[in-house]
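This report refers to the structure that appears directly beneath it.
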Amino acid sequence: MESVAFAWDDRSRIFSDLNLEVASGVTLLSGENGAGKSTLLKLAAGVEKPDAGTVFVNGSDLWRREVRARSDLAFVPQEPDVTPFATVREVLRLVCRLRSQPMEQVDEVLAETDLEAEAELSVRELSRGQRRRVLLAAAWVGTPRTVILDEPLDAMDEHWRGRIHGWLEALREAGGLALVATHEAGSLGELADRFLVLRNGELRLDSP
Amino acid sequence: MTAAGLGASFRFHLASSIRVTLGLAAFQLVLLLVLVALQPPQARALLFEGLAAGIATPEAFSASRLGFALWAVLAAAAAARRLAPTQRGWHLHLPVDLRTRWGAGVLGVASTLPHLAVLWILLWIGATLLGEPASPRALLALPLVALGAAGAWTPAPRRVRACAAVAVPLAASASSPGLVAATAIFALAYFQSGRWSPRTVRVPVAPSSLRPLGRRLPTGQLVLSLRALGLWIALAHLPAVLFAAPTGLALHNNDFTPDQSELVLRLGTSLAIAATVLGTATLLNARRPPWAWSRSLPWSARQRVAADAVLLLLVASPLLIPVLYLRASSGLSVLALLVFLAVRLPGRMRNSLRGLTKLGTWTYIETLLAALLTALQPVIGLALALASPLFLEASARREQSLKVGLYLERRFDGAREAES
């Protein structure tokens, strides 16, 4: 991120001149409630566009080369934001298609996330934990090497916490990049290569 | 071809086809019925009479028959895609020769077009009842059109499918030489279908040239938008009636000069199109919350607004049929207006956080102004359509700069809380 500025409206400026470079490995992002962690991740994932400045993912400008920059990127937000007008399978098929992956992957990730029985349901019929698993399944389609996770352990039981832990570990070993916002630095801390703290719209590197 | 083999294979394909037919035909017919039912009675009668005369006419060139043939090809493409799994896999080892297998496959795909056949026959009967010239050859053309359309998509080498595809327009001409040529070419396709190995041929899903287009314009988003609209989509055509009905009555009850009647027709249709597009955009804006997370997926803002533009085009384009039929030149200028509105409004939909309709007053003024100007001066419509890439780009910029979190919070969270 280069000189990124962002405000929701005229009265609430979140960032005014934010610079951040995330290297491969696992980077944990912490900060108080309302510090702007989720907003930072949304800017990094291309959900929100900065008012000024540039965001690069894998060397491509997120808003000028949209498809290329997002092709190897997965984002799992804290709030499971899935359209109510599609079934779980349809959402995953869309992700497969956009990431140019074979449709067989849909069944594979459904099996991996234990969502086979819910495949034909709308997200309206799913619990919050199941909705988060849908986004997790979408993140696993095509195994992107850049992942952005917002409170990934939230609403997950021990089994799924272990699975996420394992995923991040495998990603790290494969040379991928993970930017993770979490309040639970303890359980993910052992994986982290670096810690970032966000305070008053500014980032500070913290020692592991 | 062995009769037993063909019978057994066809029964197998027919069982699959019936399921596919129910899904595909029901959708097509409901869409057609809704669009026809929403027309004012006089326009409906005009449409019916025109289609009936066009289907039954002994003349070789008939836009109605060609339109139905195109519909058959598109419907067969969708059906063949759904039936593709029955054309490969385990049953390839069964003792049925390749021609029989292809023939049964073609019959299976053709069996998914009964709705089209019934409409064709009903229109032909309608033409005879109305005293229009009706040629029996137009009825003979129907099975050939269906078989050709099905053959164009049933798995086989490209030359076989090309022959079947060529047979479609020839059959649709319903002339004696056309029917003979279509039969001969279809027979050639059947003959050729025995000379290939199905194991080495990929099942066609879409022409390779169209696949990148499919990625650029995700049909998934169209489906989601249609679901968001639901039955409310019928309401989108209601405002059009306000303009189309007086236009029809004015044309019917007055002795206008050709220039005057063209102007009235263009004005009525332009305003009807504008009202429909505005209605659809307003409904879509109100009923479909932006899907924030999906913005992190590898598609561009341009693709997302283009998908909305296609939706607006699809919803409003049936209104063009009568005007294209009555006065093609007026139809083209109104089509140009529709293209402009379809690329302009997706940007406007992502614009305003204020107001009841959420589109903003200026959007309504701009749309109606464009409709009026196009009606008065068709060149303006063409100029707007030519500039549509620029407007598409502007809409994409709006989609990019939309603060989606704020938009959701202000516009939809209240509704969500009420729902929960």
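Quick note: the coordinates plus some simple rules give every number you see, no bench work behind them. Note that this is a predicted model, so its numbers are computed, not measured. Don't worry about glycine lacking a Cβ; one is built from the backbone with ideal geometry, like all the others, and counts go over all protein chains shown.
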Taking each residue in A:92-98, count the Cβ atoms of any other chain within 10 Å of its Cβ, then average. What number comes out?
4
Cα centroids of region B:127-176 and region A:83-113: how far apart, whole angstrom?
39 Å
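Antiparallel as a % of all DSSP beta bridges within chain A, to the nearest 5?
The answer is about 40 percent antiparallel.
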Amide H contacts of A:LEU177 (H built 1.01 Å from N, under 5 Å, at least 5 apart or other chain):
A:GLY25, A:THR146, A:VAL147
Name the residues whose placed amide hydrogens come within less than 5 Å of the amide hydrogen of A:ILE14, ignoring near sequence neighbours (fewer than 5 apart) on the same chain.
A:PHE6, A:ALA7, A:TRP8
Report the relative contact order of region B:215-399, percent, no decimals, based on alpha-carbon pairs under 8 angstrom and at least 6 residues apart.
28 percent
How far apart, in nanometres, would the label points at B:LEU231 and A:LEU191 be if each is projected 7 angstrom from Cα along the Cα-to-Cβ direction?
4.7 nm
Residue by residue through region A:27-35, what is 3J(HN,Hα) from phi via Karplus (6.51 cos²θ - 1.76 cosθ + 1.60, θ = phi - 60°)? Round to whole Hz and write x for glycine and proline.
10, 9, 10, 10, x, 5, 4, x, 6
Summed over the other residues with a beta carbon less than 11 angstrom from that of A:TRP140, with K and R at +1 and D and E at -1, the charge totals +1
When you look at the Cβ of every residue in B:401-409, what mean number of other chain Cβ atoms sits within 10 Å?
4
Highest mean first, what order results for B:340-350, B:257-267 on Cβ atoms within 10 Å?
B:340-350, B:257-267
